[in-house]
1. Could you say whether any residue in segment 270-284 is more than 25 Å from residue 12 (Cβ to Cβ) and surrounded by fewer than 21 Cβ atoms within 10 Å (Cβ to Cβ)?
2. Taking segment 230-249 as the search range and keeping residues that are crowded, with 22+ Cβ neighbours inside 10 Å and part of a loop (DSSP other than H, G, I, E, B), which one is modelled with the highest pLDDT?
3. Which condition number does residue 56 fail, the rest of (1) farther than 30 Å from residue 192 by Cβ; (2) crowded, with 21+ Cβ neighbours inside 10 Å; (3) in contact with a strand residue (DSSP E or B) (Cβ under 8 Å, 6 or more places away or on another chain); (4) touching a residue at least 40 places away in the same chain (Cβ under 8 Å) being met?
4. So, of the residues in segment 100-158 that are part of a strand (DSSP E or B) and either touching a helix residue (DSSP H, G or I) at 6+ places or on another chain (Cβ under 7 Å) or free of Cβ contacts under 8 Å to residues at least 24 places away in the same chain (or both), which turns out to be surrounded by the fewest Cβ atoms within 10 Å (Cβ to Cβ)?
5. Given the options 195, 248, 272, name the one that is within 29 Å of residue 26 (Cβ to Cβ), in contact with a strand residue (DSSP E or B) (Cβ under 8 Å, 6 or more places away or on another chain) and touching a residue at least 12 places away in the same chain (Cβ under 8 Å).
6. Any residue that is in contact with a helix residue (DSSP H, G or I) (Cβ under 9 Å, 6 or more places away or on another chain) and closer than 21 Å to residue 189 by Cβ - is there at least one of those in segment 257-266?
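The values are calculated or read from the model by the stated rules, or taken from the named source; none is laboratory data. Since the model is a prediction, treat every value here as computed from it, not as a measurement. In this analysis, Cβ positions are derived from the backbone assuming ideal geometry, glycine residues included, and neighbour counts consider all displayed protein chains.
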């Protein structure tokens, strides 16, 4: 089959893992934790200078670790907003109201997606979680810059085998509260665990991975704008075309912090049999 590349996206997207620290230790987490607050704080001006060299507007999707334990998160967000970029975030939503309010103020109406991860090993007060998220959603919409795409708030939850029986009721409750609910497959060694046929069907009924309709994607050979209008950035400044590229240590883009950092000019074929990057799918960067 011959695939036609989607049009060049006007806005690029960066998934930036800004730190490797987290206040949670979920049993299914695949990340390694390392505290390096001093370096993260010292590197902030270099990162903001690099973001200032990017052409046009980008959506910078902050994750970690847990972004809200980063020592200069407010400075990063206000700096990105001042540069004209939009700010999205993936968080376990454990930060106190003062930090959440500071985040909204620092973003200056430029929030893209606020994704609250529901970790049932820690977040046992579902009604309190909903109430806090409802207040945050109201604050985000009240501050929104009307010249930009509308912001969105969603809830995600990992479909562990322990969680699976609870997810349908949870989705119904969050949707009743006006909140989008997404499930994510559990991974071990960064691959989806061997779900049974019934378990996969249950996840697909809930919309698949982040509402893409599938549990695991194989886009091998399809044109994708990753590497040109989307890339992965780690806390050290290393850039990769996409998450599978980072995993396999292929298609490295070099150091984002170098003044000579460059990106591709066009869409290019996906090289991987398992793609866990749902951002290019959701942003129309992948041939469907």
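1. Keep residues of segment 270-284 that are more than 25 Å from residue 12 (Cβ to Cβ), which gives 273.
Pick out the ones that are also surrounded by fewer than 21 Cβ atoms within 10 Å (Cβ to Cβ) and you get 273.
Looking through segment 270-284, at least one residue is more than 25 Å from residue 12 (Cβ to Cβ) and surrounded by fewer than 21 Cβ atoms within 10 Å (Cβ to Cβ).
2. Filtering first and then ranking leaves 241.
3. Of the numbered conditions (1) farther than 30 Å from residue 192 by Cβ; (2) crowded, with 21+ Cβ neighbours inside 10 Å; (3) in contact with a strand residue (DSSP E or B) (Cβ under 8 Å, 6 or more places away or on another chain); (4) touching a residue at least 40 places away in the same chain (Cβ under 8 Å), the odd one out for residue 56 is (2).
4. Ranking the qualifying residues of segment 100-158, first place goes to 153.
5. Selected residue: 195, the only one of 195, 248, 272 that is within 29 Å of residue 26 (Cβ to Cβ), in contact with a strand residue (DSSP E or B) (Cβ under 8 Å, 6 or more places away or on another chain) and touching a residue at least 12 places away in the same chain (Cβ under 8 Å).
6. no
To keep it simple, each residue is scored yes or no on (1) at pLDDT 95 or above; (2) more than 28 Å from residue 12 (Cα to Cα); (3) part of a loop (DSSP other than H, G, I, E, B); (4) in contact with a helix residue (DSSP H, G or I) (Cβ under 9 Å, 6 or more places away or on another chain).
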| site | (1), (2), (3), (4) |
| --- | --- |
| 172 | yes, yes, no, no |
| 181 | yes, no, no, yes |
| 195 | yes, yes, yes, yes |
| 203 | yes, yes, no, yes |
| 207 | yes, no, yes, yes |
| 215 | no, no, yes, yes |
| 220 | no, no, yes, no |
| 228 | yes, no, yes, no |
